[in-house]
Amino acid sequence: MLKTKMYVRCPADQESMYEPRIFVCGQIINIDEFKRTVSVKVHDPFGHLLFFEDLPKGVIELPLGSVDRCSFFIGSIVVYKGSSYKVLSCQKCKDDYYKYYIQNFDDTSVVKVPEADVIAAFNNGQVDPCVQLKNYEFQNPAWYLGRAVVAKSMDILENSIYGFKELAGSKIYLMPHQVNTIMRCLQESPCRYMLADEVGMGKTIEAISVYKIYTMNQSNKKALIVVPQVLKEQWISELLLKFNIPNGMGKNNNSVTVKTLQELSEKDLFTDWDFVIVDEVHKYLFSQSEYEKLHKISTLAKNILLLSATPVQQKKEEYLDLLRLLLPQKYNSFSVEKFGKLIAKQSKIIQKTALILDDLGDFEEEINSLAESAHDSEECEELFEEIHEDLEEICDELDDDKLNELLQQIKYENDDLGVYTIKVIISYICSNYQIESNIIRNRRKILESTDEDVQLMASRDLIELTYLTDNEGNPYEQLSYNVFAHWIIKGLESGILDVELDIKPLLSRFFSSPWAFYKQAKSSKMDGSILDNIRKWLESEQFNVDHINDILDDPDKYADSYASRLVIVINALYDDFYDQKIVLFTNYAETFDVYRKALTKVFPEEEVSFFGASMSTEEIELNAYRFQTQDECRIMLCDSTGGEGRNFQCADYIVHIDLPWDASAIEQRIGRLDRLERDMSRPVVYSVVVHTKDTFEEALFSFFKDGLKIFNHSLSGMEIIMKEINDEIISAINDDFKYGLFDRIPKIVELATTMRDAIRKEQNFDAAGFIYRPMYAELRKLIEYYSQNENVLFASTMSNWASLAGFRGSEKKNGEITYSATSFSAKAAINSQLIPPRWDEYLNTAQNQFLMNVQNAYDKSMARKTQDRAIRGTFSRKLAIENDYLHFFAPGDEVFDCIVDNAINSCKGCSSAFATFCRINWIGLIFTWSIAPDTSYLLDNGVSIYAMSPYRNYLFSEQVIIPVSISNVDELDDETIIREYTEIINRGFNAKSNLVHLGKRSHEARFLKDTIKGRNIDWFKEKFGGENWEDYVLSARKYSHEKALEILKKRSNIRGAREEMERTLSARVANSEFYGLNDEGIEQLKQTQKIVLDAIKHPKIHLESVSFIMMIGERNE
């Protein structure tokens, strides 16, 4: 029964008020029972009715029977007491009014309010699709098919764990470990975590994602990001290009300040920052003054993320220092001795678990080789017993009731010989018996490959380019090296030279170019005779630059020139890598300038690009844009600034013109190509290293190649000992410049091997805690399912929906699309009531300004006309990741959100009726249902909706399709009908589609022209409608609801959620007892878990759409 202050959906179709397809939402202000009319106030709190002249405004009077009761869309924006709120959940009361939980946009407070007190806009108003169906409100199949595709992906985002949607809106590939990290960081307040992932696992991405989600519903928050100088530009770039977060003031008056530690002012040190991120924090452990600054910042900060190399237990002093930065109130009072006892306890567990993991690998291998006869194998049985005995030993040590209970569940008789349960136990031990649970360590091991042996991260390979300097080929380089080496030896013997201050800068430059070396040598303590030799070497190399084309064309004539680093490199680019994308790196501006001249002489202008500190920002971005987007641009020359986080994954080869002494700097270079989001159709990153034979450079190269194996493997946890490694290099030079480093290599290899072995055990321990955890499987399923739906069909559907809804972009075949202010047509948009972005505000964001400037500069350089006030982007994640300069239309972007909001938060496409050619004959209704936990129940019990996050994915998140037959002469089963329906959806809709819109209010029958003579809708009513239509629709709905609920509950893993909760709870209790630490949050966790589990057990089921479909199996030609 309708009452005043209720919201209703009202017809607003000027074409036909009796068969409307356009509606508005309004609030009843009066009901006239005598006239049988209702007066409705159409609200416009955001001023959007300006777009739609023909829609009703203010108070309208309508026949009582023409309006339908409606609720608000979940996620829609409403106004309450003058402020904007987001609708979180809806409850129907006994008096038939609705009550809503809504969240304030400014302070994120949540309140429960009656609908009478809320102002909802004209384009809100949700009705059950069956109301539309029984009223013959059959919308064009184009809307229905489009919405089906969009809703499928958006349902995954809306019903996934907290933070997944925001992560999906960033220019990154989605990885289970990253989702898990973000989820963990945001579960607790305050958020104080150390992200200690191995290099290449995306710590920066994780940290920025956590910050972005933290500020999503916040305003006026101040964030500080402390980074090393060499990474500052990388951070600023990633914040802006991947996450649309500017350095400075941003959305909702939240500000981000990116500074190096040296740039911090006294005011910065004493500011109560709301959020702090510190990158490469382990590098500040060895400077007392730097450490104290960070400790002061951490003590005052509300939330902090420390990004560190993975702490190694053998370095317990450094480990404790890191923890004192992370949780000063907890660890300031810890002595090294007390902490060492905790380390010793965990070391025992790690050692024992390492043995079990090795045995488990053998056990699985044996099972796979024997297949069905594995149960009868003595080898299998022996391995099982060994694993079981070792687990028993650990269980006795830990005395954990839950662990003992899990141990009893291991059965050799199980189909998998107990492997799954063994993995669950190992996961339980590895994830819960960590000294500090606020350290998150993700290991590269978890990304080595998928279960199907699909490679997820690039491998590395090495190519050596060597040359020998001698008296014939390159006499002046040889002579310069000899006198230079003699000068070093004499200087060390007399004590007048310091390796770090005097020798290292000169040596590094010598093995780069004579230009770089000569500049440094002039300001050193060298005498004039040495400088004379260097000048002669420089002159001979200048000859090579001036005659480089002749040298390449006639190598026999200029054979001596090939004993030159520059000629070797240019020749390799010219001959060996002529069809490859290549990045060249040098650390020195002088070397950069000379190579730039040489490359420009040899290669056409369109083939080469440059990235150097001496270039303007516009020049740099234009060159990077060309290298990323143009196939013909295949060579990129960089100085040290090019190693700062730039995305050059389009290349496969990296040429090291010179070698930095710091392995981390080499890792930075390789990391420009070996990225987490790299296209695995090109699975190898090649390092091309140029070095001279029989010199210090060869020793340094051998040290990196054989000692650290950096050109074939990631540093993988070794970063924490890099200072020791660098000290060894300095020490070796001091002992013996000529042979010291060669002699020291075996010792360093031994040190590295020992450390790698210890780290490997810790890595396996950490990795097992994640990949063997049942939750990991759920995260994998979530990401794989979303990725399957985020495809070409989704991208084309988004642009097609926008076009239908009056927002038409200009598309290219490669997936690029351009939107501008002229893309929106209010006349075309009236059917869908799409609200376009505020275009000027949208274009003026820092990210869009940056992208447009680069794109416009490129168009200008190519003498192309630039489209005014336009943004070029894509709905394709792959395309967006590969091109930093292409905007990504994804969740959180105004263009994407306005399209999705229109497709999901409207009734367009929720009800349809159409006929189509298929492989089967069938007529009936197709119901699409989705499921969500009972959010209102959580909020009624004082539990945050975010508490659901770790367990949300145990609730089945896929849509459920239920067919209800009207005519099924072939007695087809549901699976066959659903498969055919899915094919229809996947085909999508276009003008040539073989579909007949049965709800059309005119005649257009296509292949049914012999059947339908008048208006399509009249034929449908006569054939299938009538007095029983409404009853049939409602009974079909009831049947499909019951069946969908049964399927959804059956496919949800309620037991898994309960077990995960039990494991988490019991582990916190056992962990605090084992390490003797106090955990005050256990009781609160227990109560929260009970409420969350109840909300999962009794989910809410929602009808997404319903359609009448005639599937016609044979085409009548």
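Below, the figures for the structure above:
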quantity: Residue match in the stretch 78-101 (condition: within 30 Å of Gly999 (Cα to Cα) and either surrounded by 17 or more Cβ atoms within 10 Å (Cβ to Cβ) or in contact with a helix residue (DSSP H, G or I) (Cβ under 6 Å, 6 or more places away or on another chain) (or both)); calculated: no
quantity: Residues that are of a type in the set (Ser, Thr, Tyr) and closer than 28 Å to Leu239 by Cα, drawn from the stretch 811-859; calculated: Thr818, Tyr819, Ser820, Tyr842, Thr845, Tyr858
quantity: Top-ranked residue in the stretch 683-698 [being surrounded by fewer than 16 Cβ atoms within 10 Å (Cβ to Cβ) and under 32 Å from the mean Cα position of the chain (by Cα); ranked as modelled with the lowest pLDDT]; calculated: Pro683
quantity: The lone exception for Gly909 - which of (1) closer than 29 Å to Glu1046 by Cα; (2) assigned to a strand (DSSP E or B) it fails; calculated: (2)
quantity: Test: residue in the stretch 562-576 that is assigned to a loop (DSSP other than H, G, I, E, B) and among the aliphatic types (A, V, I, L, M); calculated: yes
quantity: Single residue of Asn442, Asn414, Asn404 found to be modelled with pLDDT under 80 and not small (Gly, Ala, Ser); calculated: Asn442
quantity: Residues of the stretch 998-1045 that turn out to be touching a residue at least 12 places away in the same chain (Cβ under 8 Å), in a loop (DSSP other than H, G, I, E, B) and of a type in the set (Lys, Arg), as a count; calculated: 3
quantity: Scope the stretch 451-461; condition loosely packed, with under 15 Cβ neighbours inside 10 Å, closer than 30 Å to His691 by Cα and either of a type in the set (Val, Ile, Thr) or at pLDDT 90 or above (or both); matching residues; calculated: Asp461
quantity: Listing of helices (runs of 4 or more DSSP H) fully contained in the stretch 182-301 that carry 1 or more residues being under 24 Å from the mean Cα position of the chain (by Cα) and among the β-branched types (Val, Ile, Thr); calculated: 203-216, 232-243
quantity: Residues located in the stretch 488-505, provided they are buried (at least 18 other Cβ atoms within 10 Å of the Cβ) and either closer than 17 Å to Asp662 by Cβ or in contact with a helix residue (DSSP H, G or I) (Cβ under 6 Å, 6 or more places away or on another chain) (or both); calculated: Ile488, Leu497, Val499, Ile503
quantity: Number of positions in the stretch 274-292 that are touching a helix residue (DSSP H, G or I) at 6+ places or on another chain (Cβ under 7 Å) and surrounded by fewer than 18 Cβ atoms within 10 Å (Cβ to Cβ); calculated: 3
quantity: Pairs with Cβ under 6 Å, 6+ apart, first in the stretch 157-169 and over 20 Å from Ser876 (Cα atoms), second modelled with pLDDT of 75 or more and of a type in the set (Gly, Ala, Ser); calculated: Asn159/Ala932; Asn159/Ser957; Ile161/Ser949; Tyr162/Ser949
quantity: Count of the stretch 173-200 residues which are among the hydroxyl-bearing types (Ser, Thr, Tyr) and surrounded by 24 or more Cβ atoms within 10 Å (Cβ to Cβ); calculated: 2
quantity: Any helices (runs of 4 or more DSSP H) falling wholly within the stretch 307-405 and containing at least 3 residues that are buried (at least 16 other Cβ atoms within 10 Å of the Cβ), of a type outside the set (Asp, Glu) and out of contact with any strand residue (DSSP E or B) (no Cβ under 7 Å at 6 or more places or on another chain); calculated: 316-326, 336-370, 378-398
quantity: Residue selected from the stretch 819-831 under the condition surrounded by 19 or more Cβ atoms within 10 Å (Cβ to Cβ) and part of a helix (DSSP H, G or I), by the criterion modelled with the lowest pLDDT; calculated: Ala829
quantity: Residue match in the stretch 966-980 (condition: outside any helix (DSSP H, G or I), among the β-branched types (Val, Ile, Thr) and closer than 22 Å to Leu804 by Cβ); calculated: no
quantity: Residues satisfying the stated conditions in the stretch 363-387, i.e. acidic (Asp, Glu) and closer than 24 Å to Tyr433 by Cβ; calculated: Glu364, Glu385, Glu386
quantity: One residue from Val118, Val113 being over 30 Å from Asn800 (Cα atoms), among the β-branched types (Val, Ile, Thr) and surrounded by fewer than 18 Cβ atoms within 10 Å (Cβ to Cβ); calculated: Val113
quantity: Test: Ile945 is closer than 30 Å to Ala777 by Cα, touching a residue at least 12 places away in the same chain (Cβ under 8 Å), buried (at least 17 other Cβ atoms within 10 Å of the Cβ) and touching a strand residue (DSSP E or B) at 6+ places or on another chain (Cβ under 9 Å); calculated: yes
quantity: Cross-chain or 6+ apart pairs with Cβ under 7 Å, the stretch 265-283 first and among the basic types (Lys, Arg), then surrounded by 13 or more Cβ atoms within 10 Å (Cβ to Cβ); calculated: Lys283/Pro228
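So that you can scan it fast, the table gives a plain yes or no per residue for (1) touching a residue at least 40 places away in the same chain (Cβ under 8 Å); (2) of a type outside the set (Phe, Trp, Tyr); (3) outside any helix (DSSP H, G or I):
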site	(1), (2), (3)
Ser799	yes, yes, no
Ala802	yes, yes, no
Gln833	yes, yes, yes
Asp840	no, yes, no
Ala857	yes, yes, no
Ala863	no, yes, yes
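Each row is one residue, and each column tells you yes or no for (1) in contact (Cβ under 8 Å) with a residue 60 or more places away in the chain; (2) crowded, with 22+ Cβ neighbours inside 10 Å.
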residue: Glu590; (1), (2): yes, no
residue: Asp593; (1), (2): yes, no
residue: Lys601; (1), (2): no, no
residue: Pro604; (1), (2): no, no
residue: Phe610; (1), (2): no, yes
residue: Ala613; (1), (2): no, no
residue: Thr617; (1), (2): no, no
residue: Ala624; (1), (2): yes, yes
residue: Gln628; (1), (2): yes, yes
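The values are calculated or read from the model by the stated rules, or taken from the named source; none is laboratory data. Keep in mind the model is a prediction, meaning the values are calculated, not measured. Positions of Cβ are backbone-derived with ideal geometry, glycine not excepted, and every protein chain shown enters the neighbour counts.
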